[in-house]
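None of the figures in this text is laboratory data; all of them are computed from the coordinates on show. Fair warning: this is a prediction, and the values are worked out from it, not measured in the lab. Positions of Cβ are generated from backbone atoms using ideal geometry, with glycine treated the same way; all protein chains shown enter the neighbour counts.
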Amino acid sequence: MSLYFLCLILLAIGIWCLLVKKNLVKKIIGLGIVEYAINLFFILLGYRFDAQAPIIAKDSNSMIMVDPLPQALILTSIVIGLGTTALMVALAVRIYEKYGTFDISEIRKLRG
Amino acid sequence: MKNEQGMSIIVKRITRITVSLIFLFGVYIVLHGHLTPGGGFAGGVIIALSFIHVVLAFGKDFALRRLNEKLASIFESLGAVLFLTVSLLGLFLAGIFFLNVLPKGKPFNLLSSGIILPSNIAIFIKVGAGLFMIFIALAMLRITEGKKGE
């Protein structure tokens, strides 16, 4: 249970970073922390203590294994996270090229 | 010092040693994907990281002369076509999509997985070339100081 609570703290750190920081690169890092917290939560849902990886090896005698379904889901999630991070970094580079800053409070053209 | 690009001489010398080891580890992860944890995606990421290592240490001009974005694009398309070929082979030979048409072999051997090994190799080519293309697309963006406070 405490592991889930630590996972929630990691999620809170990410959301705090996403809301409070003004630098765009730090916001991207915060979104990465949120993503990893959710991935870790899914992996913890399928985790069992004193179990082994869900692979039949040559010298494995115990059949207690962790749940492979969250791991397969999280592999897809990691790939999508890679794509979104690359898109965000490219957009941040374009914004820096146009406005000369990463600080979102200084980008004046976005005000109405 | 005629080659001023990239990092210092220490980083370049260590990179020459470690890049081949990282590449070999990636190939091992791909080929043993059905026996141990790993597989096409993880091995492709490791191989792309070995190329990114070269770009970071030697500068992008040196690395992109060997493996430019056109070649990476060709490799990425080749991976997709190879995966489609493996999956369509079952459809044409036996009428079922993704059917295992290769012999299964003895368990825990290297060639014991049928079409999983060719699929892993196709995914490895696709992921490695795609990740490397993402990196060089970000590295080739020319970052200029914009018009500030306009």
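Placing a label point 7 Å from the Cα of A:K22 along the Cα-to-Cβ direction, the residues of segment A:78-98 whose backbone N falls under 17 Å from that point are A:96. Its Cα gyration tensor gives chain A an equivalent ellipsoid; the semi-axes, largest first and in whole Å, are 39, 16, 8. Counting Cα-Cα pairs of segment B:9-149 in 10 Å increments starting at 0 gives whole-percent bin shares of 12, 32, 29, 16, 8, 2, 1.
Modelled this way, with points 7 Å down the Cα-to-C-beta line, the labels at A:K58 and B:F97 are 3.7 nm from one another. Extending 7 Å from Cα along the Cβ direction at B:R66 and again at A:L87 yields two label points whose distance is 3.3 nm.
Placing dummy labels 7 Å off each Cα toward the beta-carbon, the span from B:R13 to A:V79 is 4.2 nm.
Largest mean-square fluctuation among A:D50, A:D67, A:D59, in a Gaussian network model of chain A whose springs join Cα atoms under 10 Å apart, belongs to A:D59. The distance from the alpha carbon centre of segment B:14-62 to that of segment A:15-47 is 27 Å, rounded to a whole number. A full extension of the chain between A:L45 and A:M1 corresponds to an added length of 14.8 nm, given 0.36 nm per residue minus the alpha carbon distance. Taking a threshold of 28 Å on the Cα-Cα distance, which of the pairs A:K27/B:K70; A:K21/B:K60; A:K21/B:K70; B:K12/B:K70; A:K58/B:K126 fall above it? Cα-Cα > 28 Å for A:K27/B:K70; A:K21/B:K60; A:K21/B:K70; A:K58/B:K126; rest within. Among the chymotrypsin sites (Phe, Trp or Tyr not before Pro) within segment A:1-104, those in coil by DSSP and having at most 14 neighbouring Cβ atoms inside 10 Å are A:Y47, A:F49.
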